[in-house]
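Here is the structure we will look at.
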Amino acid sequence: MKLVHLSDLHFPVALPFTSLKGKMIPGYLNYTFRRRKKYPISLWNAIVRKVKSLNPDAIVISGDITNVSHWKEYDESKKILEPVLGDKTFMIPGNHDRYTNIAAGREGSDLPYYEKFFSPWMGDSIPLQNGYLRIKKIGKLALVGWDSNMPLSVLNAYGYVGEEIVHSTLEYLEKEKLDQYILICHHPIWNPPERQESSGHKMKNREEIAELLKKRPPLAYLHGHVHTNWVKYPDPQKPYYVINSASSTRISDQKHQSGFHLMEWNETELNIKRFSFSNEEGEFTETQTISYQEKETNGR
């Protein structure tokens with residue numbers, strides 16, 4: 001089975017400035033003047049060509065399609081994503097997709113924007129008293145989606161997943177006899193020693209979540225949020241791969257080694273390949289995986 005993992009696509013959608021409100025204004029100004037040129041649509045077109053050539057059994061997108069959760073961003077992003085949307089696609093939101101209260105469904109009775117536009121590709125919603133849990137079964141593998149995001153001040157981008165979500169996930173997997181699963185959540189559960197996050201950016205309770213996952217570890221934890229790639233190999237503290245494919249559509253530089261990953265699972269082991277954009281070839285090509293073994297992680 002082959003799985004492609006994409007994340008933090010941040011599609012370059014131009015917005016009328018007069019349509020912006022509240023924190024969308026500084027957010028869009030930051031995107032326009034600091035980041036927009038780093039996300040040319042040509043990289044997305046190259047990703048589509050490479051993904052089609054890889055012919056994966058599943059395509060996972062771990063959030064941040066938009067920049068400020070504007071309605072027009074969702075409308076345009078759905079059109080841009082059309083070539084990869086289908087039965088094999090599984091998507092979760094990122095913090096930029098829950099940027100405002102109205103986009104997150106916290107004003108009025110409307111659904112969140114992400115669900116309005118992408119619910120056919122978000123898997124089955126598992127009924128819970130509180131919280132978000134979505135699952136998609138592909139062959140003998142279950143893809144499990146969590147939502148760690150919430151509307152915050154413009155200076156914060158942290159995440160949180162309630163412990164009850166972990167318990168509900170493990171109980172559902174046990175009840176449905178789903179032995180093998182991959183967990184997808186936007187915020188990292190681990191960072192390399194040299195890429196640590198501030199308290200205003202990381203998932204608040206990730207160590208508690210990691211401890212609970214030891215009871216029934218996933219094959220891998222897929223995420224984004226930090227815009228440079230890595231793969232952490234399993235270790236005693238986190239006995240599963242941690243894979244970051246952010247930011248798949250970003251031009252790489254000295255601080256951001258961007259791209260995406262292909263995972264090949266033969267029911268006994270997971271083989272991981274990284275693809276990054278080659279300026280010389282104008283295409284995504286296989287490149288060296290940025291990996292961290294147990295001895296390099298210092299238990300973090």
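According to the square roots a ≥ b ≥ c of the eigenvalues of the Cα gyration tensor, what is the shape class of the chain, taking rounded for a/c under 1.5, prolate for a/b larger than b/c otherwise, and oblate for the remainder? Before the final figure, lay out the partial values.
Values: a/c = 1.37, a/b = 1.14, b/c = 1.20.
Here the chain falls in the rounded category.
Rounded to the nearest 5, what is the percent of antiparallel bridges among the DSSP beta bridges in the chain? Kindly include the intermediate steps, with their values, before the conclusion.
Working: 25 of 48 bridges.
Bridges in the chain are about 50 percent antiparallel.
Within the range 2-292, what whole-number % of the accessible surface is contributed by carbon and sulfur, with the 1.4 Å probe and all protein chains included in the calculation?
Using a 1.4 Å probe with all protein chains present, the range 2-292 comes out at 48 percent carbon and sulfur.
Peptides 96-103, 183-190, 164-171: what's the order by average Cβ count within 10 Å, highest mean first?
Numbers: 96-103: 22.9, 183-190: 25.6, 164-171: 17.8.
So the peptides 96-103, 183-190, 164-171, ranked by packing, come out 183-190, 96-103, 164-171.
Based on the Kirkwood radius over alpha-carbon pairs, what value in µm²/s does the Stokes-Einstein equation return for the translational diffusion coefficient of the range 106-214 at 20 °C and 1.002 mPa s? Present the calculation step by step, with values, prior to reporting the outcome.
On the way: Rh = 15.4 Å.
Rounded to a whole number, D works out at 139 µm²/s.
Roll a 1.4 Å probe over the protein chains and send me the accessible area per residue for the range 2-292 in Å². Don't skip to the answer; put the middle values down first.
On the way: 12580 Å² over 291 residues.
Value for the range 2-292: 43 Å² per residue.
Given a cut-off of 27 Å, name the pairs among K2/K177; K79/K232; K23/K88 whose C-alpha atoms lie farther apart than that in the structure shown. Spell out each step's value before the answer.
Working: K2/K177 22 Å; K79/K232 34 Å; K23/K88 35 Å.
Exceeds cut-off: K79/K232; K23/K88.
Between A14 and K204, how high is the FRET efficiency from 1/(1 + (r/R0)^6) when r is the Cβ-Cβ distance and R₀ = 51 Å? Nearest 0.05. Can you show the working numbers first?
Values: r = 34 Å, r/R0 = 0.66.
Working from the Cβ atoms, E equals 0.90.
Is the C-alpha gyration tensor of the range 134-272 telling us rounded, prolate or oblate? Criteria: a/c under 1.5 is rounded; beyond that, a/b larger than b/c is prolate, otherwise oblate. Working shown, then result.
Working: a/c = 1.81, a/b = 1.27, b/c = 1.43.
Oblate is the answer for the range 134-272, as a/c is 1.5 or above yet b/c matches or exceeds a/b.
222 nm [θ] for the chain, helices only, -39500 (n - 2.57) per DSSP H run of 4+, per residue, to 500?
Values: 7 runs with 63 residues, N = 300.
So the calculated ellipticity at 222 nm is -6000 deg cm²/dmol.
What is the chain's relative contact order, in percent, from Cα pairs under 8 angstrom and six or more apart in sequence?
Numbers: 632 pairs, mean separation 58.0, N = 300.
About 19 percent, as a whole number.
Could I have the simple spin-label model distance between S278 and I41, label points 7 Å from Cα toward Cβ, reported in nm to one decimal?
2.6 nm
The values are calculated or read from the model by the stated rules, or taken from the named source; none is laboratory data. Just so it is clear, the model here is predicted, and its values are computed rather than measured. Cβ atoms come from the backbone with ideal geometry, glycine included; neighbour counts cover every protein chain shown. Remember, those area values only see protein heavy atoms, side chains included, never the ligands or the DNA or RNA. Shrake-Rupley method; radii C 1.70, N 1.55, O 1.52, S 1.80 Å.
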